[in-house]
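S.K.: One structure follows; several queries about it will come next.
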Amino acid sequence: MKGMSYDELQSWCLELGQSGYRAQQLFEWMYRHGISSFENMSNVNKSFREYLENNCIIQTLEMKNKSFSNIDTSTKILFSTTDDQFIETISMIDKNRHTVCISSQVGCALDCGFCETGRMGLKRNLNTGEIVDQLIFVRHHEKQPITNVVFMGMGEPMHNYDNVISAADIFHSPRGFNLAATRITISTVGILPKIQQFISEKQPYKLAISLNAADDITRTQIMQVNKKWPIADLIGVGKEYSNLKKRHVMFEYVLLKGINDSKDDAHKLANLLRGIPCKLNIIPYNETDGSYQRPDEKIIRRFSEILHNLRDEYRVFVRWSKGQDINAGCGQLAGKQA
Ligand code: SAH
């Protein structure tokens, strides 16, 4: 039952001989109130509650561990699913901003050489209920209201498109989490047909594309997926999104020492972004197994300054990942139990 949309609940309730209004009650109990047991559905009659209890699952995840960073206010939560898979969710609080980074898959099918999740391979997609339950859990355990959701945890959201969009719709719904669509960001390696679908369906959510290199040779070296959908395709579709939606696409760029952090790379990147109203998020690499390194701070600053000085319609940010001491930074999630 967890993960059903309003429409799905409505047809299901009607099939069971319940009124359509029942669907509204169930939707609100699950998503607005985030209840974990059917007993709490006080305005639902006892016999239907009993039916639900015997036939449905209301809670899809179990918390296994919680780690708190000593250097900032981020918390990493390890969950197990009902089939004993492990996923991770990060809560990051920065003054009034509370961003939750959620997972969309157990593992990931892409093998971007620098990402820890990729090393796990893909176990399976998360269903909508499991995606939504991550946010319900954080909302319940952290006092500060959630202001932003990013699909930047484990997995490639565009490989689990339908469940990701259904979950985003529940986050956005006034009867659900009531989050503005502009506060929900879906990040992708650049699965071109899915981005095109996202644009043609006029999805209201924000799009982030992990560019990570300024030329195809370098990008293919670190992201195999570039052979299929190279940089020009991603720049093209990013432009289309920004122009069509008047909502700026975000390009992410993981900065790897000696790979994509030279002055020349910075100039090439500025050229690529010229004329696109967008946001560039530079992510200094969070080290994982030792194959890649984070550039020195001086190099990180030099790279971002060049881009800043050459900026045209784009804005530049450096994302100093949070929670590195608890392996909660971008690309460090692997559902490890220790
Ligand atoms: N699969 C999606 C979302 C998950 S990763 C995507 O690739 O966009 C979210 C961001 O973290 C991506 O931009 C990715 O390139 C970046 N990333 C992955 N591993 C990283 C690492 N070890 N350090 C810093 N950023 C990393």
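S.K.: Hey, any hits in region 97-104 for a residue that's open to solvent by less than 60 Å² (accessible area, probe 1.4 Å) and at pLDDT below 95?
M.R.: Scanning region 97-104, I find no residue that is open to solvent by less than 60 Å² (accessible area, probe 1.4 Å) and at pLDDT below 95, so the answer is no.
S.K.: OK, next. Which one of ILE299, ILE222, ILE235, ILE306 is modelled with pLDDT of 95 or more, buried (at least 17 other Cβ atoms within 10 Å of the Cβ) and within 14 Å of the ligand (Cβ to nearest atom)?
M.R.: Only one candidate qualifies: ILE222.
S.K.: Next up: Considering only residues that are touching a residue at least 24 places away in the same chain (Cβ under 8 Å), part of a loop (DSSP other than H, G, I, E, B) and away from the ligand (no atom under 16 Å from the Cβ), which ones fall in region 95-109?
M.R.: Hit for region 95-109 is ASN96, nothing else.
Residue by residue, here is whether (1) within 12 Å of the ligand (Cβ to nearest atom); (2) touching a helix residue (DSSP H, G or I) at 6+ places or on another chain (Cβ under 9 Å); (3) part of a helix (DSSP H, G or I) holds:
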{"site": "LEU244", "(1), (2), (3)": "no, yes, yes"}
{"site": "GLU252", "(1), (2), (3)": "yes, no, no"}
{"site": "ASP261", "(1), (2), (3)": "no, yes, no"}
{"site": "LEU269", "(1), (2), (3)": "no, yes, yes"}
{"site": "ASN281", "(1), (2), (3)": "yes, no, no"}
{"site": "TYR292", "(1), (2), (3)": "yes, yes, no"}
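S.K.: Give all pairs with beta carbons closer than 8 Å in which a residue from region 165-178 that is on the phi > 0 side of the Ramachandran plot and without any contact (Cβ under 8 Å) to a residue 12 or more places away in the chain meets a residue that is of a type in the set (A, V, I, L, M) and open to solvent by less than 10 Å² (accessible area, probe 1.4 Å); count only pairs at least 6 apart in sequence or on separate chains.
M.R.: none
S.K.: Moving on. Output the residues belonging to region 160-187 that are in a helix (DSSP H, G or I), crowded, with 18+ Cβ neighbours inside 10 Å and hydroxyl-bearing (Ser, Thr, Tyr).
M.R.: TYR161, SER166 - these are the residues of region 160-187 that are in a helix (DSSP H, G or I), crowded, with 18+ Cβ neighbours inside 10 Å and hydroxyl-bearing (Ser, Thr, Tyr).
S.K.: For region 119-140, does any single residue satisfy the condition of being surrounded by fewer than 20 Cβ atoms within 10 Å (Cβ to Cβ) and closer than 26 Å to ASN243 by Cα?
M.R.: No - not one qualifying residue is present in region 119-140.
S.K.: Follow-up question, since we're still on this one. Inspect region 298-307 for any residue being part of a loop (DSSP other than H, G, I, E, B) and free of Cβ contacts under 8 Å to residues at least 60 places away in the same chain and give the result as yes or no.
M.R.: The answer is no; no qualifying residue exists.
S.K.: Test each condition in (1) open to solvent by 70 Å² or more (accessible area, probe 1.4 Å); (2) not in a loop (DSSP other than H, G, I, E, B) for LYS257 and report the one that comes out false.
M.R.: Every condition holds for LYS257 apart from (2).
S.K.: Within region 210-267, take every residue that is among the acidic types (Asp, Glu) and more than 19 Å from the chain's Cα centre (by Cα) and give me the one that is farthest from HIS159 (Cα to Cα).
M.R.: Checking each candidate, the answer is ASP264.
S.K.: Take region 168-193 and flag every residue that is under 22 Å from GLY331 (Cα atoms) and either within 16 Å of the ligand (Cβ to nearest atom) or of a type outside the set (D, E, K, R) (or both).
M.R.: ALA168, ILE184, THR185, ILE186, SER187, THR188, VAL189, GLY190, ILE191, LEU192, listed by residue number.
S.K.: Starting from region 320-334, take each residue that is over 21 Å from SER304 (Cα atoms) and open to solvent by 70 Å² or more (accessible area, probe 1.4 Å) and list its partners that are among the aliphatic types (A, V, I, L, M) and away from the ligand (no atom under 12 Å from the Cβ), counting only C-beta distances under 9 angstrom and pairs at least six apart or across chains.
M.R.: Note: pairs meeting the criteria are ASP325/ILE71.
S.K.: So which of MET92, MET30 is within 16 Å of the ligand (Cβ to nearest atom) and open to solvent by less than 90 Å² (accessible area, probe 1.4 Å)?
M.R.: On inspection, the qualifying residue turns out to be MET92.
S.K.: Any residue at all in region 110-122 that is within 14 Å of the chain's Cα centre (by Cα), among the β-branched types (Val, Ile, Thr) and assigned to a helix (DSSP H, G or I)?
M.R.: Within region 110-122, one or more residues are within 14 Å of the chain's Cα centre (by Cα), among the β-branched types (Val, Ile, Thr) and assigned to a helix (DSSP H, G or I).
S.K.: Further, regarding this structure: Give the residues of region 275-296 that are open to solvent by 70 Å² or more (accessible area, probe 1.4 Å) and free of Cβ contacts under 8 Å to residues at least 24 places away in the same chain, sorted by residue number.
M.R.: Matches in region 275-296: GLU287 only.
S.K.: Which residues, taken from region 124-159, are within 15 Å of the ligand (Cβ to nearest atom), under 19 Å from GLY335 (Cβ atoms) and not in a helix (DSSP H, G or I)?
M.R.: Of everything in region 124-159, those that are within 15 Å of the ligand (Cβ to nearest atom), under 19 Å from GLY335 (Cβ atoms) and not in a helix (DSSP H, G or I) turn out to be ASN125, LEU126, VAL150, PHE151, MET152, GLY153, MET154, GLY155, GLU156.
S.K.: Can you give me the number of residues within region 33-47 that are over 20 Å from LEU135 (Cβ atoms) and either modelled with pLDDT of 95 or more or open to solvent by 60 Å² or more (accessible area, probe 1.4 Å) (or both)?
M.R.: 6
S.K.: ASP312 fails exactly one of the following numbered conditions: (1) assigned to a loop (DSSP other than H, G, I, E, B); (2) over 15 Å from ASP261 (Cα atoms); (3) within 16 Å of the ligand (Cβ to nearest atom). What is the number of that condition?
M.R.: Going through (1) assigned to a loop (DSSP other than H, G, I, E, B); (2) over 15 Å from ASP261 (Cα atoms); (3) within 16 Å of the ligand (Cβ to nearest atom) one by one, ASP312 breaks only (3).
The values are calculated or read from the model by the stated rules, or taken from the named source; none is laboratory data. Keep in mind it's a predicted model, so treat the numbers as computed, not measured. Methodologically, a virtual Cβ is constructed for each residue, glycine included, from the backbone with ideal geometry; neighbour enumeration extends over all protein chains shown. In case anyone asks, the SASA skips ligands and DNA or RNA and just uses the protein heavy atoms, side chains included. Shrake-Rupley method; radii C 1.70, N 1.55, O 1.52, S 1.80 Å.
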